[in-house]
Structures are given as C-alpha cells and as structure tokens.
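Working notes, beginning with the structure itself.
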Amino acid sequence: MSLSRQVILVKGIVQGVGFRPFVYQLAGRYGLKGQVINTPEGVVIDVEGKTESIDKFSIGLKEEAPPLARIEGISSQPMEPTGCPDFKIGYSERAGTVEALVSTDVSICPDCLRELFDPTDRRYRYPFINCTNCGPRFTIIKDVPYDREYTTMNVFRLCPECQAEYDDPADRRFHAQPNACPVCGPKVVLRDSAGGLVAPENAVIRAAALLKEKNILAVKGLGGYHLACNALDDEAVGGLRGRKHREDKPFAVMVRNLEQAAEYCHLSSEEARLLASPARPIVLLKKKECLLADQIAPGNAFIGLMLPYTPLHYLLFEHIDIPLVMTSGNLSDEPIAYEDPDAYMRLGEIADYFLVHNREINHRCDDSVTRVYRDEEYLVRRSRGYSPAPLSLPREMGQVLAVGGEQKNTFCLTKGRHAFISHHIGDLENLETLQAFEREVGMYKKLFHIEPELVAYDYHPEYLSTKYALCLPGIEKTGVQHHHAHIAGCMAEHGLTGHVLGVAFDGTGFGQDGSIWGGEFLYASLTDFQRIGHLNYVPMPGGAQAIREPWRMAAGYLYRQYGKAWRSQKGVKFLSEKNGMVLGTLEEMMAQWINCPPTSSMGRLFDAVAALVGIREQVNYEGQAAVEMEQLALRAGEEVNITYSYVIDEAADVLIIDSDPVISEILSDLAKGDAKAVIAYKFHRTVQDMVIELCLQARARYGENRVCLSGGVFQNMLLLDLVHRGLIRNNFEVFVHRLAPANDGGISLGQAVVANERRKTGCV
Ligand code: ZN
Ligand code: ZN
Ligand code: FE
C-alpha cells in the first residue's frame with residue numbers, strides 16, 4: 001500500500017458556494033487526512049492517504065463539485081506525507097492577491113425550498129432561509145474575503161443553533177455567510193407608505209391579501225425594490241403605470257411556477273430552462289391569448305416573465321395564485337431604489353404598502369433580462385444572478401478598466417483570462433447613477449484585486465463615463481470607437497482573432513468624423529478598424545429631440561431627398577397634422593444644418609420609417625418605434641417577398657448605402673394605401689438585403705468571410721433572423737452575441753479587449 005500527499009489548488013468560483021464542506025465530505029469518503037483552506041488564489045486542499053484514494057478524490061473534486069461552483073483550473077503538487085491524524089477545515093487567509101471569484105446572488109435551492117414549507121422545520125416559512133448553495137451573495141458583500149463579518153449580515157448575531165450549523169463541516173450551512181433563522185436573523189414587516197407598521201405578524205399573508213385587491217406594494221428584493229400588483233387587473237396595472245410615470249415601457253411579471261408561465265406564454269425547453277435557472281432572469285416570451293392585463297406590455301407580442309427567486313417571493317405565492325407585476329422600484333427612468341430611506345422617499349407616492357425587511361442591500365442590482373435566439377441565450381441585460389461572475393475568455397489579459405458607454409452602462413475589468421463585466425449600472429445621465437458607477441468601479445477593483453494599468457473609453461466627449469476616464473490621474477488611456485467596441489465584444493466572446501466584417505447597427509455612437517454613426521460596416525480586428533460602409537447621412541433635426549420624436553427623423557429623410565418640396569409629399573400623416581410654423585422652422589434648421597447633427601444611424605432610419613408609415617411619431621422609451629414596427633411586420637408574415645430599392649456605389653472607396661429610393665417607394669406604397677404591416681415587413685427585408693449585398697462586396701474586397709452582428713438594433717429578432725439567415729445562405733460564417741448584450745451594455749467588454757490587445761501589440 002503506497003501513501004502519498006498532494007497539495008491541490010482549485011481556482012474559479014469556489015468560495016461561498018459550499019466548496020469546503022464538499023471537500024471535507026469527499027475526503028472523509030476516501031479516508032484521507034489533511035486540510036482544506038480558502039486562500040486569495042482559490043481553495044487549497046492538502047490531502048494525504050492511499051495513492052488510489054487520492055486519485056478517486058481528485059476525480060470526485062471535478063465531477064461532484066457543488067452546483068454553484070465553477071472550477072476554472074486544478075493544479076497539484078506532490079509532497080512528503082506528514083502523518084496528519086485527521087481532516088480539518090482551515091480558516092481564511094487574507095494576505096496575498098485575491099483571485100478568488102465572488103459568487104453571484106442565487107435563487108433559493110431545492111433543499112431550502114423543501115424546508116421552507118416543512119411545518120416541522122425550524123425555518124418553516126422563514127423568508128430568509130438560505131444555505132451555501134443559495135441565497136444572497138454579491139448584493140450583501142462589503143469586502144473580501146467573503147466572510148460574514150464583511151457582509152451586511154454582520155449586524156445579526158448567530159443563535160447557538162445557527163452557529164452550530166455554521167461551524168459544522170458536515171452541515172449544508174457550514175460557513176453559509178447569510179445563515180439565519182427566525183430567532184436570530186432578519187425579519188419581514190408590512191408598513192404603510194408613511195412607514196407606519198401595519199402587520200408585525202403575518203406580514204406576508206396580509207401583503208398577499210392586499211395584492212389580490214388593487215393595491216400596489218413595494219417589495220424589497222435581493223438587489224433592490226420591486227413594485228408589485230395584480231397582473232390580471234387592468235385597473236391596478238394602469239394605476240401603477242400612471243403613478244410610475246411610465247407610459248408604455250413593458251412591465252415584468254412574476255409567475256408562481258413554470259406551469260403558470262406556460263399558461264400565459266409560449267415556452268420552449270430552453271426558455272423554461274432559463275426561467276428556472278439559479279440566476280432567475282426575466283425571460284422575454286411570446287405572449288399567448290390570455291388574461292394578463294393589456295397594460296403590462298401595450299402593443300407588444302412579447303412579455304417578460306420570471307419565476308420567484310427569494311423565499312419571500314415563494315411565501316407570497318403560497319397565498320396567491322395570480323401572477324404579479326414585478327417592475328423595478330423607481331420613478332420612470334431613475335435608478336431602482338435599494339436603500340430603505342430612499343425607497344420610502346421615492347416610492348412613497350407610488351406604493352400603497354411596503355413589504356420590507358432589515359437585511360441591508362449593499363449593491364443595487366437590477367433583474368437580468370434575457371431571451372432565446374436559435375435555441376441559445378441572447379442577453380438583453382446582464383445583471384443580478386450573472387454579475388459579478390466573470391466571463392472566461394480564451395486569452396490572457398492585463399489589468400484594464402473599460403468604462404463602457406452612456407446608455408445601459410456597464411464597465412468591465414480584466415485580469416488573467418477573466419473579464420468582469422459589471423452588473424447593469426443604468427443610464428449615466430444623472431449624478432446618482434454616476435456616483436453608483438464610481439462606487440461600483442471601486443468595489444469591483446477591491447473585490448477582484450485589480451489595479452488597472454490602462455483605461456479604455458468611448459470617444460463621445462459628453463459621455464460621463466468618458467469624462468470620468470479622462471480625469472483619472474496617472475494612468476494610461478486609450479479611446480475605442482463605439483461601433484468598433486460593439487464588434488470587438490462579439491469577437492472576444494467567440495475567441496476570434498485576425499479580421500472580421502462587422503455590422504454594427506444601433507441608435508447613436510460617436511463617429512471619428514464628428515457625426516453620429518449607427519449604420520456601420522467595419523473591417524475590424526481587435527486593435528483597429530476601417531469603416532468600409534455605412535448608411536448615408538441625414539440631418540437629425542433637434543439632435544436628441546429627434547430620438548424622442550421619430551417624425552423629426554422622417555422629416556430629415558424627406559428633406560434630404562426632396563429639399564424644399566419635402567412638405568408636399570403625399571400620404572404622410574404628420575405633414576398634414578403638424579403646425580406649419582413648426583415644419584417651417586424645422587426646414588430652416590435642416591437647410592443650414594443648425595442643431596441638425598448628421599447621422600448614419602440604422603436605429604434612426606427605423607424611426608423615420610415608423611413615423612412615415614404612421615406607426616409612431618413620438619416615443620415614450622428608447623427604441624419603441626422600432627419595436628412596434630417589428631411587431632407589425634411579424635403580422636404581415638413571410639409571404640411578402642418584395643423589397644424596396646437602394647443604391648450602393650460599388651466603385652467608391654467607402655460603400656455608402658443611398659436610402660432615398662427606400663423612402664420614395666414607401667411614399668408610393670402609402671399613396672396606394674398599402675397595409676402598414678406589409679410596408680413594415682418589406683422594410684425589414686430591405687435592410688436584410690442591404691446587409692447581404694454590402695457583405696458580399698466587402699468579401700470580394702477583403703477576402704473575409706466572418707461576419708459579427710452587434711448593436712442595439714439587433715435586438716429586433718425579426719431583423720436579426722433575416723440578416724443571419726441571409727448571410728448563411730451566402731456562405732458567410734455568422735457570429736452573434738451570447739455572453740454579453742448586443743446593445744450598449746456589451747460595449748465595455750469590447751473596449752476592454754481592444755485595450756488589452758493594443759497593449760499587447762504595443763499600440764498604446
Ligand atoms: Zn439552499
Ligand atoms: Zn438562528
Ligand atoms: Fe451602441
């Protein structure tokens with residue numbers, strides 16, 4: 001019998017996920033001695049015993065790891081056996097570089113769920129039940145290592161029973177930092193909107209009863225407050241809309257289980273898997289003919305559903321069988337409330353009651369939003385349950401900070417093979433969001449021990465993220481063009497190097513010629529790009545105002561083609577309805593390009609067409625006109641196989657798409673009285689053709705066959721699918737986002753990868 005000893009280092013997400021108790025039990029099973037300890041580099045296991053037992057142990061380590069662990073590397077070193085008498089769990093070391101990866105917040109696990117509804121369990125109906133496999137993580141963390149004293153649970157003293165679980169290596173709650181019970185842990189109460197105590201006991205039952213009526217409740221969740229109401233009651237949902245000042249933007253709905261989800265929406269197996277995944281994101285699903293209030297997502301065929309993810313959610317659904325609106329606790333576009341005093345101040349006017357508790361949230365973290373495209377996940381917002389877990393990229397990276405964009409901001413830090421994309425910070429247009437941005441950058445640096453040597457930023461001089469980056473003292477900086485960042489992010493996800501053809505379609509991105517880009521074709525590498533094609537420029541009358549009022553974009557397109565005759569075009573509703581003075585002023589502005597930045601944005605072309613067709617002249621949220629046009633086009637169906645004309649000058653250095661014929665042919669369709677849906681579909685098909693033709697010409701010129709699709713416009717599933725299919729039909733290799741969103745939430749990743757690559761090749 002041969003004895004040996006191995007010191008094994010396990011890297012990855014192995015802290016706060018029940019890894020040490022798992023190792024302890026595994027070592028016991030094979031009669032091994034030694035110890036397991038959390039270190040800044042990861043978990044270190046020192047085992048000795050029979051050689052073949054150690055072999056089996058090593059296999060078990062990989063194959064039986066706890067559900068939340070993500071092992072990214074195991075290395076081991078043989079040592080001399082010491083004759084150690086037992087197996088111990090050691091205590092954390094704080095020295096050295098911390099590479100241990102903080103885990104994300106996780107929905108309640110099946111074991112805890114069983115206990116929650118077991119009348120004999122001491123945590124029966126306890127809203128804060130958790131174990132090492134589930135519960136809050138990132139949102140309660142104040143510092144590393146992930147130990148109770150550095151979380152917001154530090155104010156609750158463990159009772160003897162909880163302490164015993166916490167100390168017992170064989171227990172499911174061994175070192176479960178948020179461990180708690182009704183005796184020692186946080187408590188839930190129901191208050192009125194002035195903060196007065198309504199129900200100290202039976203808070204959940206009372207809350208459920210209030211929700212069944214038409215009341216609006218603020219419910220404190222994992223990463224912030226939700227506003228909840230009965231999703232079947234039009235009056236309640238309409239009331240919430242009014243109070244929240246949110247006209248049309250869809251609300252998310254929480255359903256009690258997958259069966260209920262299938263009652264209201266079409267559900268594929270992949271969609272069901274995402275709904276029930278431990279991250280519990282909001283999943284965008286095709287709505288069925290059903291009883292859900294129309295006000296939830298007006299004019300939208302899709303609806304965002306999620307399953308309960310905290311014990312408190314499950315307890316609410318024990319007493320109600322209706323689905324609940326669960327929308328972010330904020331007023332219109334403000335950041336979601338997560339601190340109690342702020343929540344009472346901001347939500348007091350909206351919510352009738354507050355279902356709250358005294359476990360503090362330390363990091364605001366919005367719900368993640370996702371959907372399925374071609375049987376795989378296609379993210380819309382990467383946040384709670386996903387961040388701060390890093391993406392593992394097939395490349396070695398330095399310590400870099402990328403500050404992201406302005407809308408849907410995320411930032412990204414890199415180190416080793418990890419890209420830590422932050423949770424959704426929001427639109428960086430007010431002081432509060434900027435402060436949150438700065439605070440979270442600081443927190444991530446601390447959590448992952450990253451001290452950036454290089455900062456990447458967008459060229460837009462007015463982005464607050466850019467201003468922040470440029471003001472950082474004593475650190476090298478590199479600018480990354482907005483659409484290049486979009487494409488580089490997509491490349492990085494798929495581990496692409498060399499060059500690709502990039503199609504970046506979005507609303508707004510600062511171009512290097514000072515104009516607003518957004519309908520861009522790039523020949524791109526990870527360090528640089530060439531703009532090889534784009535939509536023609538049109539005036540954007542009133543600048544940002546034209547984003548809120550798509551009819552202005554239609555005016556821009558009409559003026560571009562018809563000059564002074566633009567106002568006499570037939571069949572355009574807004575031309576006959578708008579005040580002549582207003583149109584006259586607009587014309588003067590466009591004639592002299594005053595407050596009319598030129599744009600090549602594809603998002604704005606969608607807006608213009610939507611306004612021309614009369615779908616929408618004003619929007620209440622970003623992208624609304626395009627969303628509604630997509631919905632309309634879907635109704636036209638596939639039988640429409642004609643397109644509008646456009647012109648590309650094949651001899652030019654830069655392939656510019658002349659869209660004038662698109663506009664004039666739409667006008668003649670309108671004059672003929674063609675159905676809006678048909679025009680909308682024909683337009684989608686036209687954009688498909690534009691992309692394919694331009695990519696074919698680019699392939700002939702550059703010999704490149706790989707195409708990356710990125711930018712917020714590719715959240716239009718009809719367009720994405722048309723373009724994707726068309727490219728494949730022409731034998732292109734097509735890459736779409738999978739790990740990060742196609743919208744501006746994904747550009748921090750692209751910036752970070754470009755900065756790293758530039759540094760590696762000596763470009764900065
Ligand atoms: Zn659990
Ligand atoms: Zn306790
Ligand atoms: Fe963008």
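Each reported figure results from applying straightforward, stated rules to the coordinates on display, with no laboratory input. Predicted model, so just to flag it, every value in this text is computed and none were measured. Glycine gets a Cβ as well: all are built from the backbone with ideal geometry, and neighbour counts include every protein chain shown.
What whole number of Å gives the distance from the Cα centroid of segment 205-222 to the Cα centroid of segment 401-470?
Spelled out, the Cα-based centre of one part sits 35 Å from the other.
Would you mind calculating the relative contact order of segment 615-764 from Cα pairs under 8 angstrom and at least 6 residues apart, reporting the percent as a whole number?
After rounding, I find 20 percent.
Given a cut-off of 37 Å, what percent of all Cα-Cα pairs of the chain lie beyond it?
For the chain, the fraction of Cα-Cα distances above 37 Å is 45 percent.
How would you rank E493, E588, going from fewest to most other Cβ atoms within 10 Å of each one's own Cβ?
Final ranking by Cβ density, sparse to dense: E588, E493.
On each of the three principal axes of the Cα atoms of segment 3-89, give max minus min coordinate, whole Å, ordered largest first.
Taking max minus min along each principal axis of the Cα atoms, segment 3-89 gives 32, 23, 19 Å.
Please state the equivalent ellipsoid semi-axes for segment 129-287: what are the square roots of 5 times the Cα gyration tensor eigenvalues, largest first, in whole Å?
So the equivalent ellipsoid measures 33, 22, 15 Å along its semi-axes.
Using only the C-alpha atoms of segment 188-369, find the volume of their convex hull and express it per residue in Å³.
101 Å³
Where does segment 276-345 land on Rg(C-alpha)/(2.2 N^0.38 Å)?
1.29
In segment 601-671, if every C-alpha pair distance is counted and binned at 10 Å from zero, what percent goes to each bin?
17, 44, 31, 8, 0
When only Cα pairs under 8 Å and 6 or more residues apart are kept, what is the percent relative contact order across the chain?
11 percent
Arrange I108, I89, I747, I487 by Cβ neighbour counts within 10 Å, fewest through most, would you?
In increasing order of surrounding Cβ atoms, one gets I89, I108, I487, I747.
For Cα pairs less than 8 Å apart in space and 6+ apart in sequence, what is the mean separation divided by the residue count of segment 188-369, i.e. the relative contact order in percent?
37 percent
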